[in-house]
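K.L.:
Quick one: the structure is below, and I'll ask about it shortly.
Nothing in this text is a laboratory measurement; each read-out follows from the coordinates by a stated rule. As the structure is a prediction and not an experimental result, all values here were calculated from the model. Reconstructed Cβ throughout: ideal geometry from the backbone, glycine too, with neighbour counts over all protein chains shown.
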Amino acid sequence: MREQILFFSPSQCSGCGICEMVCSLQSSRGCSREASYIRVLRHPRLGTPVVAVRAECRKCKRCVQACTLEAIRFAEEPEWGTLIQDGWIACPVLDRNLCADEKELSPCGTAMQDNMRS
Ligand code: SF4
Ligand code: SF4
C-alpha cells in the first residue's frame, strides 16, 4: 500500500479546531485538544493556522471528513507535487516527547472554544 500523508491548505483552513475535537472523540480519548492526534496551531510570525499531526495518527480520515472547508486531505506520492504547487503544505509530524514545535506554535481555534463556552 502506498504511503499517504496529510496535507493542509493554509488559504482554506479557518483554524476552527473541529478536526481536533473529532479526532479526540473518535477513540474515546475525550473531547480535548491535547488528546487529539491532529493539532491546529498558529504560526508564530505569520499568524496563520498550521495543521500538524502526531506520529500516532491512525489515518482513519475522520478529521478530513469533518472539515467542511476541505482544508485537509490525505494524498499518495504521485499527488504530492501537484498539491504543493497549488499551495498545500505537508503537515509537520509532532512527536509526543518532543514538543518544542508545539510550544513555539501556539494553539489555534479559540473561536470554537469561546462558542462552546457561551
Ligand atoms: S476542521 Fe478544517 S478548517 Fe477547521 S481547523 Fe481543522 S483543518 Fe482547519
Ligand atoms: S486521520 Fe489521524 S488525525 Fe485524523 S482523525 Fe484519524 S487518527 Fe485523528
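K.L.:
Assuming 0.36 nm per residue, please report the length gained on full extension of the stretch residue 45 to residue 68 beyond their Cα-Cα distance. Kindly include the intermediate steps, with their values, before the conclusion.
P.N.:
Details: separation 23, 0.36 × 23 = 8.28 nm, distance 2.65 nm.
Full extension from residue 45 to residue 68 adds 5.6 nm.
K.L.:
Then there's this: Which of 45, 73 comes first, and how do the rest follow, when ranked by fewest Cβ neighbours within 10 Å? Walk me through the intermediate numbers first.
P.N.:
On the way: 45 6, 73 18.
Fewest-to-most Cβ neighbours within 10 Å comes out as 45, 73.
K.L.:
Evaluate Rg over Rh across region 8-50, taking Cα atoms for both radii and Kirkwood's formula for Rh. Don't skip to the end; give the middle numbers.
P.N.:
Values: Rg = 11.2 Å, Rh = 10.8 Å.
Ratio of gyration radius to Kirkwood radius: 1.03.
K.L.:
Could you tell me which GluC sites (Glu not before Pro) in region 1-62 are loop residues by DSSP with no more than 13 other beta carbons within 10 angstrom of their beta carbon? Walk me through the numbers on the way to the answer.
P.N.:
Values: sites: 3, 20, 34, 56; in loops: 3, 34, 56.
Listed in order of number, the matching sites are 3, 34, 56.
K.L.:
How high is the FRET efficiency between residue 60 and residue 85 when r is their beta carbon distance and R₀ equals 22 Å, given to the nearest 0.05? It would help to have the intermediate numbers written out before the result.
P.N.:
Values: r = 28 Å, r/R0 = 1.26.
Calculated transfer efficiency: 0.20.
K.L.:
Okay, moving on. Taking 0.36 nm per intervening residue step and subtracting the Cα-Cα distance, what contour gain separates residue 95 from residue 77 on full extension? Please report the intermediate quantities before stating the final value.
P.N.:
Numbers: separation 18, 0.36 × 18 = 6.48 nm, distance 2.25 nm.
Result for the pair: 4.2 nm of gain on full extension.
K.L.:
Could you tell me what fraction of 2.2 N^0.38 Å the Cα radius of gyration of region 4-99 comes to, as a two-decimal ratio? If you can, show how the numbers build up before the last one.
P.N.:
Values: Rg = 12.7 Å, N = 96, 2.2 N^0.38 = 12.5 Å.
Relative to the 2.2 N^0.38 Å estimate, region 4-99 comes out at 1.02.
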